[in-house]
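Structure record follows, encoded as structure tokens.
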Amino acid sequence: MTIHRYGIFLIISMLTAFPGFSPLPGSLALATSSEQMKSAKGRWVFIGGEGIIDAPLAIVMNHFKDVKKADSMIPGLKTKKILQQVSDSERIDYDHFEVPWPFSDRYTIYRAKAKNVAGREILITLNSIDNYPFEDNDKVPARIKESSFLLQSLPEDESKTRVTIKLTVDPGGHLPVWLINLVSGSWSNKFFKNLRKNIIKEKARQKISATSWTGSLNTNPSSGF
């Protein structure tokens, strides 16, 4: 799948480095400090939420898979690269997230897979890859596991798409809990605001009529990256 422009969704992105991925207002599900510190194998943060986007499934999916569109959609994301195109529906991405001074920026390398279910929903799963032959020495590696974005066309109105976020992230290094909570608390607002704004701009730029916009509903959305 392919900014904080902190002056920042991860993050997803996605985190001030992935902890930035957080739910919509009123549905915050961030782990407590003790829960974050429980695992000796990492300080995992659990985040989930959803929002309705005023655009068809095919349009929304295009904003997730297009690297340039993802850049302006994901809060905190400074750089995104596709390291390997594994198949039409699977790829390995590198994301660099900007973190405020005096903390080091974060980066994450993960496998993204997309699965189309009956043309009505697309499930994008994200999982970090250990020991991938790529290293960014001036940044701290962050990890993602068992994370996903679920895009669902609304059965009662196919011109709208429900986006559900489920993320499990470890920001790595030594970020204070207050900073993680601060960023995660505002990231989702910016994520959905950016996505909606980008879709509106695209519609205006292409001068898409109501007919052609609705016409995309008849196109089976591609889950390919």
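The values are calculated or read from the model by the stated rules, or taken from the named source; none is laboratory data. From a predicted model like this one, the values you see are computed outputs, not experimental measurements. Using ideal geometry, Cβ is built from the backbone for each residue, glycine included, and neighbour counts are taken over all protein chains shown. Side chains included, ligands, DNA and RNA excluded: accessible areas come from the protein's heavy atoms. Shrake-Rupley method; radii C 1.70, N 1.55, O 1.52, S 1.80 Å.
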- Query: Filtering region 24-54 down to residues that are open to solvent by less than 30 Å² (accessible area, probe 1.4 Å) and more than 15 Å from Asp170 (Cα to Cα), which residue is modelled with the highest pLDDT?
  - Reply: Ile53
- Task: Could you check, for region 132-145, whether at least one of its residues is assigned to a strand (DSSP E or B), over 23 Å from Trp187 (Cα atoms) and open to solvent by 10 Å² or more (accessible area, probe 1.4 Å)?
- Result: no
- Would you say Leu57 is under 28 Å from Ala204 (Cβ atoms), modelled with pLDDT of 75 or more and open to solvent by less than 60 Å² (accessible area, probe 1.4 Å)? yes
- Note on the structure: Filter region 70-89 for residues that are closer than 22 Å to Leu195 by Cα and in a strand (DSSP E or B); the one that is least open to solvent (accessible area, probe 1.4 Å) is Leu77
- Message: Return the pair list, or none, for Cβ contacts closer than 9 Å from residues in region 64-81 that are over 11 Å from Tyr94 (Cα atoms) and of a type in the set (Gly, Ala, Ser) to residues that are modelled with pLDDT under 90 and assigned to a helix (DSSP H, G or I), at least 6 apart or on different chains.
- Response: Gly76/Phe18; Gly76/Gly20; Gly76/Val183; Gly76/Trp187; Gly76/Lys190
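Suppose the filter is among the aromatic types (Phe, Trp, Tyr), open to solvent by 10 Å² or more (accessible area, probe 1.4 Å) and touching a Pro at 6+ places or on another chain (Cβ under 9 Å); does Tyr107 pass it?
It is true that Tyr107 is among the aromatic types (Phe, Trp, Tyr), open to solvent by 10 Å² or more (accessible area, probe 1.4 Å) and touching a Pro at 6+ places or on another chain (Cβ under 9 Å).
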- Message: Considering only residues that are modelled with pLDDT of 70 or more and in a loop (DSSP other than H, G, I, E, B), which ones fall in region 188-225?
- Response: Gln206
- Note on the structure: All conditions in (1) touching a Phe, Trp or Tyr at 6+ places or on another chain (Cβ under 6 Å); (2) assigned to a loop (DSSP other than H, G, I, E, B); (3) crowded, with 20+ Cβ neighbours inside 10 Å are true of Val99 except (1)
